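*Asks:* Please find one structure pasted underneath; my questions will follow.
Quick note: the coordinates plus some simple rules give every number you see, no bench work behind them. Computed from a predicted structure; not experimentally measured. Backbone-built Cβ (ideal geometry, glycine too); neighbour counts: all protein chains shown.
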Amino acid sequence: MSQLTLPYTPEISRIAAIPRRVYTAAEIENNRVQMTRILKRPAGSQQLFAIQALALTEIGINRGLFGNIRVGDGKTLIGLLAPVVTQAKRPLLLIRANLKDKTRRDTLTYSVHWNVAKWIRVESYDMLGRKQAAEMLDQYRPDLIIADEAHRLRNLKAACTRRVDRYMREYPSTMFVGMSGTMTSKSLEDYAHLLRWSLGQNAPIPKASGELMQWCDVLDNHGNPAKRMHPGAMVYLDIGDLDVDPSKWRYPEKSELNRQWNTNPTAAGRAVYRKRLEETPGVVFSRETKLDCPLIITTEKVDLETPLIQAFRTLRNDWRTPDDWPISDGLAMRRHAYELALGFYSVWSPRPPDWWIEPRKAWCSECRAILSHSKSIDSESQLIDHINSGNVRSLYLDPWSHVKDHWKLGRHYRIEPRWLSNQLIEWCAGWMSRPGIVWTEHVAFAERLAYHVGAQYYGREGKNSAGTPIEAADPTRAIVASRPSNGEGRNLQMYSRNLVVAIPANAQICEQLFGRTHRPGQRAHEVTAKLLLSCIEHHLSLEASLAYSKVIQATMPGTDNLKLLTSDCVFHGTSELANSTEPQWQKTLDE
């Protein structure tokens, strides 16, 4: 079967014709000096970073920004000064809920040095996704939306993202500033809508969803090579020769990409797209070189004890948990494997009856199907309100009519951990004999480890049980930290040792996580991160993160120093066992 080729379309012509801009080093420094002088208070002693000044300049000129700005490069100050350079009257700053206190503290600090926007409204992504905030955007009518950690708006099916998307469609003149050090985790589709919100007609990606998916088939990482498209007409983004007959175009011999275009067209297409993106007005990215302090990432195999091996055997062979509860799908398999690798598994307590759990599963499936197609309903709670008021019709809403009569019963069922082994608790306790951070996403494991060691656990909103924020943690003692609550936006350079007990299969999450301690201001000679590998899912997750990191680096400007690719890494082998037919309850990839 011959490989499909990206066809020539009018969108190729439009994107190739978008103006290009390239800054010299002298221009960047001169701009930094001037913007510092313009925005600084008379008594201020701070200086703008070059990337901050460049971002603010692009915001002022282009009335929007797509900023792939790495961790530690000052996105918070850019967000606080954006309303000043745009003269926005109703700016809205979106941040993570657990960073509200930090943002408030940063605003007070920056106000001493900079003319920050004191009229800015700050809301969390979590709040915007709630039912009571459904009308907030229409009521406030922001003329500037600033999304700090904009990858939080990556999922167009999430209630928060759907609301912003609908607002930007209804009020297209709204300025949008999107900033993140990890704009994408795996695909062009992750951030295409962010580009459109930020740059409008100058967004260097196709407008039609069908053509966008063709570009994804060219640029993204695919497990199935048959789905890969040849970049074809994407060559025009490099040569810009739109007078060539589209049906007869050929690779220009004088093009520097000619050799690569013929030998590795995927790499050539990615390079052409990245160049077009980085030279687009309104796009900025971190240009700084690697930190002087190296990041050393290693993996540690853990040979599990017999009770855990037996539990994995039951999980793999019988698709059941150790207490004989059936597993319905691969996602549940992965979830239970991650728990067993830490020594426990989760159960409903008490177990719900089938007459409740089965309709609940059916309802959840129907809910997802409706929300994926609705243009006005953003969340489950909104959908329930519409159903109860008779505003939604569907042939498949019977599950809800059955579930709603028993819905309150769910309040009597809770998830509890059942422990099979303390092996990983003891292993982590030994590692915590020196200062460092143990990163986990499992609350049960975190609380048990913290209690066993006598350490502080920083969970929801980045606080411990006494309400102290993680930024105020004692750097002379090891701590346990929730990765979902603290893996973004935290300045934790007072620590230089990291232990990750469950590696995520997501390049964006890994980059953010390592950036908490490996960032500007780190005074240690080196930063270390140890990844525990105790089941096949851990190995496959690491491989997935590495593969996606390579695609991100090839297509996104400002990603030359992705930590998984440029750090000193010592990993165990490759996944020859990924397709093994033998039961994989305790296998490692270099056996």
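*Asks:* Could you sort the peptides 39-46, 527-534 by per-residue average Cβ neighbour count (10 Å cutoff), highest mean leading?
*Replies:* In decreasing order of mean packing, 39-46, 527-534 become 527-534, 39-46.
*Asks:* Between region 449-493 and region 104-127, how many Å separate their Cα centres?
*Replies:* Computed from Cα coordinates, the inter-centre distance equals 24 Å.
*Asks:* Amide H neighbours of Leu65 under 5 Å, counting only residues 5+ apart in sequence or on other chains, H built in-plane at 1.01 Å?
*Replies:* Phe176, Val177, Gly178
*Asks:* Follow-up. What is the extension gain from Glu426 to Asp126, computed as 0.36 nm multiplied by their sequence separation minus the C-alpha to C-alpha distance, in nm to one decimal?
*Replies:* That pair, Glu426 and Asp126, stretches by 104.4 nm at full extension.
*Asks:* Measure of size requested: the Rg and Dmax of region 44-110, with Cα atoms as the atom set and Å as the unit; please supply both.
*Replies:* Spelled out, the Cα radius of gyration and Dmax of region 44-110 are 12.0, 32 Å.
*Asks:* Read phi for every residue in region 67-74 and hand back ³J(HN,Hα) as whole Hz from Karplus 6.51 cos²θ - 1.76 cosθ + 1.60, θ = phi - 60°, with x for Gly and Pro.
*Replies:* Those phi angles translate into x, 8, 10, 5, 4, x, 9, x Hz.
*Asks:* Using only the alpha-carbon atoms of region 79-218, report the extent along each of the three principal axes, biggest first, to the nearest angstrom.
*Replies:* Between the extreme Cα coordinates on each principal axis of region 79-218 lie 49, 32, 28 Å.
*Asks:* Need the C-alpha centroid separation for region 500-578 versus region 156-182, integer Å.
*Replies:* What the calculation gives is 29 Å, centre to centre.
*Asks:* Hey, what's the Kirkwood Rh for region 260-308 if you take every pair of different alpha carbons, in angstrom?
*Replies:* About 15.9 Å for region 260-308.
*Asks:* Suppose the chain between Glu135 and Ile38 were pulled fully straight at 0.36 nm per residue; how much longer would it get relative to their current alpha carbon spacing?
*Replies:* Separation in residues times 0.36 nm, less the Cα-Cα distance, equals 31.2 nm.
*Asks:* What ranking of Asp148, Asp385 emerges when the number of other C-beta atoms within 10 Å of each C-beta is taken as an exposure proxy, fewest first?
*Replies:* Asp385, Asp148
*Asks:* For Leu4, what residues show an amide H to amide H distance below 5 Å, using hydrogens built from the backbone and excluding near sequence neighbours?
*Replies:* His230
*Asks:* When ranked by the protection proxy of mean other Cβ atoms within 10 Å per residue, highest first, what sequence do the peptides 60-69, 316-325 form?
*Replies:* In descending order of packing, they fall as 60-69, 316-325.
*Asks:* Counting other C-beta atoms within 10 Å, and keeping those with at most 11, which DSSP coil chymotrypsin sites (Phe, Trp or Tyr not before Pro) do you find in region 88-158? Before the final figure, lay out the partial values.
*Replies:* Details: sites: Tyr110, Trp114, Trp119, Tyr125, Tyr140; in loops: Trp119.
Taking region 88-158 and a limit of 11 other Cβ atoms within 10 Å, the loop chymotrypsin sites (Phe, Trp or Tyr not before Pro) found are Trp119.
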